[in-house]
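What follows is a single structure, written as structure tokens, with notes after it.
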Amino acid sequence: MTKKGYKRVVVKISGEGFSSENNVIDKDGVKVMALELKAAHDLGVELAVTVGGGNIVRGNELGLLGVNRVQADYMGMIATVINALVLQDALESLGVEAHVQSVIEIDKMVEPYNRKQCLRYMKEKKAVILAGGLGNPYFTTDTSAALKAVELGAEVLLKATKVDGVYSADPMVDPKARFYNRLTYSQVLNGHLKAMDATAITLCMENHLPIIVFNLRKGQNIQRVIQKEPIGTYIGE
Ligand code: UDP
């Protein structure tokens, strides 16, 4: 690890990071993401990756289609386990030892989430992929990423997205949307800015954990953000 970089981070990758326009799971895209994570891992950072499942199931969307919301959310949590296994496979094919720890226990495929064991893996410089969200319906993997980052004593929560950071409006829709380099938690909450959900922001605020929202699709951004290069939007005090 270079001296200037973070030593322990939690990276949140949404389901959309796994998919492309035509594929729910885009093998080539996942490979690029895994190569980036490997490069970050090779810097010597203690790394846990929390994965979402929105490319496969979003509970609220299925709920609107008439599926019982709680059932739909459990399906969403299982979707996160699927993405975690996809990422584990991609990392292992690059020679990175990666452990999946899930809050939803499926003992033939994944390890149960255990904070101490997770920290042990991280200190041994093995990648850990965290799945299952919080294990409760009506929550999101943003909130579980925030909680895990706090629990694991990460210095920062890195939220990977498909845009450069936080904007005043959706930059894919509004070309006049203003980009923010730096925001306080209160500005995000009061301005209803689309960074992470409000529960996640509040949890980070209460625990003084900074968040950096950055673009996953731009080459080497994961390494760059871990080395504290000023990319994306920094959310803090
Ligand atoms: N989910 C849940 N509880 C959690 C985390 C996730 O019920 O603690 C469900 C919820 O239905 C959600 C889905 O899993 O829509 C996928 O997670 P999320 O939407 O956070 O994925 P992302 O948007 O990051 O791809």
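With the checklist (1) of a type outside the set (Lys, Arg); (2) farther than 20 Å from Phe18 by Cα; (3) within 8 Å of the ligand (Cβ to nearest atom); (4) in contact with a Leu (Cβ under 8 Å, 6 or more places away or on another chain) in hand, flag the one item Pro137 doesn't pass. (4) is the only condition that Pro137 fails. Restricting attention to segment 87-101, report how many residues are surrounded by fewer than 21 Cβ atoms within 10 Å (Cβ to Cβ) and part of a helix (DSSP H, G or I). Qualifying residue count for the region: 3. Of all residues in segment 13-61, those satisfying the criterion of being among the polar types (S, T, N, Q) and touching a residue at least 24 places away in the same chain (Cβ under 8 Å) are Ser14, Ser19, Thr50, Asn55. Does Asp107 count as at pLDDT below 95 and out of contact with any strand residue (DSSP E or B) (no Cβ under 7 Å at 6 or more places or on another chain)? In short, yes. Among the residues of segment 196-224, those that are part of a loop (DSSP other than H, G, I, E, B) and either under 15 Å from Leu158 (Cα atoms) or among the small types (Gly, Ala, Ser) (or both) comprise Met196, Asp197, His208, Leu209, Pro210, Leu216, Arg217, Lys218, Gly219, Gln220. Are any of the residues in segment 133-141 surrounded by fewer than 17 Cβ atoms within 10 Å (Cβ to Cβ), in contact with a strand residue (DSSP E or B) (Cβ under 8 Å, 6 or more places away or on another chain) and of a type outside the set (Gly, Ala, Ser)? Scanning segment 133-141, I find no residue that is surrounded by fewer than 17 Cβ atoms within 10 Å (Cβ to Cβ), in contact with a strand residue (DSSP E or B) (Cβ under 8 Å, 6 or more places away or on another chain) and of a type outside the set (Gly, Ala, Ser), so the answer is no. Taking segment 180-195 as the range and being outside any helix (DSSP H, G or I) and surrounded by fewer than 19 Cβ atoms within 10 Å (Cβ to Cβ) as the test, the residues that pass are Asn181, Arg182, Thr184, Gly191, His192, Lys194. From the list Val24, Val11, the lone residue that is outside any helix (DSSP H, G or I), within 24 Å of Ala200 (Cβ to Cβ) and not aromatic (Phe, Trp, Tyr) is Val11.
Restricting attention to segment 102-116, the residues being within 16 Å of the ligand (Cβ to nearest atom) and open to solvent by less than 80 Å² (accessible area, probe 1.4 Å) number 7. Does Ala198 satisfy being farther than 29 Å from Leu35 by Cα, within 16 Å of the chain's Cα centre (by Cα) and surrounded by fewer than 22 Cβ atoms within 10 Å (Cβ to Cβ)? Against the criterion (farther than 29 Å from Leu35 by Cα, within 16 Å of the chain's Cα centre (by Cα) and surrounded by fewer than 22 Cβ atoms within 10 Å (Cβ to Cβ)), Ala198 qualifies.
Residues of segment 38-75 that are aliphatic (A, V, I, L, M) and either open to solvent by 20 Å² or more (accessible area, probe 1.4 Å) or near the ligand (Cβ under 8 Å from one of its atoms) (or both): Ala39, Leu43, Val51, Ile56, Val57, Leu62, Leu64, Leu65, Val67, Val70, Ala72, Met75. Remark: Ile78 matches the filter, which requires a residue to be in contact with a Gly (Cβ under 9 Å, 6 or more places away or on another chain) and either closer than 22 Å to Lys27 by Cβ or surrounded by 14 or more Cβ atoms within 10 Å (Cβ to Cβ) (or both). Could you please find all residues in segment 148-179 being surrounded by 24 or more Cβ atoms within 10 Å (Cβ to Cβ) and over 20 Å from Leu37 (Cβ atoms)? Within segment 148-179, just Val166 meets the criteria. Inspection of segment 60-80 finds a residue satisfying the criterion of being closer than 21 Å to Ile222 by Cα and of a type outside the set (A, V, I, L, M, F, W, C).
Phe214 - would you say it is surrounded by 16 or more Cβ atoms within 10 Å (Cβ to Cβ), within 20 Å of Gly29 (Cβ to Cβ) and of a type in the set (Phe, Trp, Tyr)? Here the answer is yes, as Phe214 does meet what is asked.
The values are calculated or read from the model by the stated rules, or taken from the named source; none is laboratory data. Bear in mind the structure is a predicted one, so any value in this text is a computation, not a measurement. Glycine also receives a Cβ, built like all others from the backbone with ideal geometry; neighbour counts cover every protein chain displayed. Keep in mind that these areas ignore ligands, DNA and RNA; they rest on the heavy atoms of the full protein, side chains included. Shrake-Rupley method; radii C 1.70, N 1.55, O 1.52, S 1.80 Å.
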